[in-house]
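A short write-up of the structure that comes next.
Every number here is computed from the coordinates shown, using simple stated rules; none is lab data. Since the structure is predicted, the reported quantities are computational estimates derived from the model, not experimental observations. Cβ: placed from backbone, ideal geometry, glycine included. Neighbour counts: every protein chain shown.
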Amino acid sequence: MISIQNVTFGYRKHETVLNDFSLDFGQSGIYGLLGKNGTGKSTLLYLMMGLLRPQKGSVTVDGIDATLRRPEVLQEMFLVPEEYDLPAISLHQYVRAIKPFYPRFSENLLKQCLANFEMGTDINLGVLSMGQKKKVYMSVVLAANTRYLLMDEPTNGLDILSKSQFRKAIIDGMNDEKTIIVSTHQVHDVELLLDHVCIIERNKVLLNEPLIEKDQAINLEELFIKTVEKCTI
Amino acid sequence: MQFKDHKPIFLQIAELICDEILGGKYPEGERLPSVREYAAEVEVNVNTVVRSFEWLSQKDIIYNKRGMGYYTSLGAKETVRESLREAFFQETLPEFVGQMQKLGITVEEVEQAMK
């Protein structure tokens, strides 16, 4: 469980992004973290990883303070930022370098994910296009097999076919013990994957509930717009 | 796969599986893909497919062998065909007739067009 309790955080002195903000990710499952630009979605992910420190309040992962960045916590967490660079080495070298940090790293899952993305294994990371880079990194991340996986706008920069491959990879890489948190404003790309949706806006959690269909399909975009409008009025 | 807005996704997936059974993709008595495999194929949450499979087994179209997964029931094709025929007379036809009345189209005209 990841627990964010009464967190205040800002990048500048008198401007807070989050103010006395609380949110829990209790059960395992795939969470969609939705919110307009600048509502603090990415900030939240970095706080959970312990890469940012709350000015007030606390963030804990399985009861352990995230800012301590303890190895036993970090070996079960992976963050995929919105933008990243990969070193100009081969995939094999890269995997050899990061594998020791993730005890449940699965070579099989890596192969399967790369196959889903129609990518081979004999790749040099230095010569990839942005889309290919995303596919390879996403495969490595899923193969790391951590219990917590945080992804910031993972479908940005992917074409339609790759988005579909991405969804398949997530389903293949998911199991009952994992918690995947996907921050996005591209609601359509992931809505059918989600177990749970959190909508945040101006320091508040507007909606935080499991997605269970009743007699109608859930239109997440509509739900999002309605929820945000209700709060603005 | 493209889903429509007005109907629950789990039902749309169940209907898709019905179509596939009718088309012979999953022969009677044979094993269906696992929930996870099917979820990856149609790109939806695993729990949604669980609901589709449960719905289909309530209708006796598929059945669960403990620990082995789901299988197409014997007679599943007939069951599916029956329920689709029922749906045709209860939903498709009234809508069709309604359109005919609205546009003043006669049965003869339709018969002519069908030839």
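Laid out as a table, the results:
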item	result
Any helices (runs of 4 or more DSSP H) falling wholly within the stretch A:122-233 and containing at least 2 residues that are more than 24 Å from B:Glu41 (Cα to Cα)	A:220-232
Search result, residues across the stretch A:64-90 that are touching a residue at least 60 places away in the same chain (Cβ under 8 Å) and in a loop (DSSP other than H, G, I, E, B)	A:Gln75, A:Glu76, A:Pro81, A:Glu82
Among the residues listed as A:Tyr137, A:Tyr148, the single one being touching a residue at least 60 places away in the same chain (Cβ under 8 Å) and either within 22 Å of A:Gly29 (Cα to Cα) or out of contact with any Ser or Thr (no Cβ under 9 Å at 6 or more places or on another chain) (or both)	A:Tyr148
Filter result for A:Leu193 (touching a residue at least 60 places away in the same chain (Cβ under 8 Å) and either in contact with a strand residue (DSSP E or B) (Cβ under 8 Å, 6 or more places away or on another chain) or facing chain B (nearest Cβ under 8 Å) (or both))	yes
